[in-house]
1. Quick one: in the stretch 80-98, of everything that is under 14 Å from the mean Cα position of the chain (by Cα) and part of a strand (DSSP E or B), which residue is surrounded by the most Cβ atoms within 10 Å (Cβ to Cβ)?
2. Residue by residue through the stretch 37-79, note down the ones that are of a type in the set (S, T, N, Q), open to solvent by 50 Å² or more (accessible area, probe 1.4 Å) and at pLDDT below 95.
3. Checking the conditions here, which among Leu45, Leu72 is in contact with a Gly (Cβ under 6 Å, 6 or more places away or on another chain) and without any contact (Cβ under 8 Å) to a residue 24 or more places away in the chain?
4. Just to be sure, is Leu32 open to solvent by 60 Å² or more (accessible area, probe 1.4 Å) and at pLDDT 95 or above?
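The values are calculated or read from the model by the stated rules, or taken from the named source; none is laboratory data. For clarity, every value in this text was computed on a predicted model and none was experimentally measured. Here the Cβ is made from the backbone with ideal geometry for all residues, glycine too, and neighbour counts use every protein chain on show. We work out accessible area using only protein heavy atoms, side chains counted, and drop any ligands, DNA or RNA first. Shrake-Rupley method; radii C 1.70, N 1.55, O 1.52, S 1.80 Å.
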Amino acid sequence: IGMGLLAVCSMVPVIINAVLVTKSGQTVGKKLLGTRIVMDGTYQLPGFLHGWFLRSFIGFFALSQLVPFYGLVDALMVFSENARTVHDRIASTIVVRA
C-alpha cells in the first residue's frame, strides 16, 4: 500500500506540470521565473505533444535514462549560440519571457 501511495503521489507534480504546459506553456517554475515555452518560429503555445511529450518526457526524462551524461550535455547547451537545450531542439520549442 505504501509503495502504491508513493507512486501515485509522485505522479501528481508530473500531471500538474503536463496540464500547465499544455494550457499555458508554463510549469510552476516557469511561472515563478516569468518565462514560458512557445513553438520556435510561430511563438504559439506548444500544446501537449511538443510541450510535454516531446520536450519533457522524450527530450529529457527518457533520454536522460538512456544516454550517459545527457543531463550534463543538455544543461550545458544553454551556453550555445541561441541558448536552446537539446530537449528544446527535439520539440522545436524556445523559452521566452512571459
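1. Among those that are under 14 Å from the mean Cα position of the chain (by Cα) and part of a strand (DSSP E or B), it is Thr93.
2. The one that is of a type in the set (S, T, N, Q), open to solvent by 50 Å² or more (accessible area, probe 1.4 Å) and at pLDDT below 95: Gln65.
3. From the options Leu45, Leu72, the qualifying one is Leu45.
4. Details: open to solvent by 60 Å² or more (accessible area, probe 1.4 Å): yes; at pLDDT 95 or above: yes.
Criteria met by Leu32.
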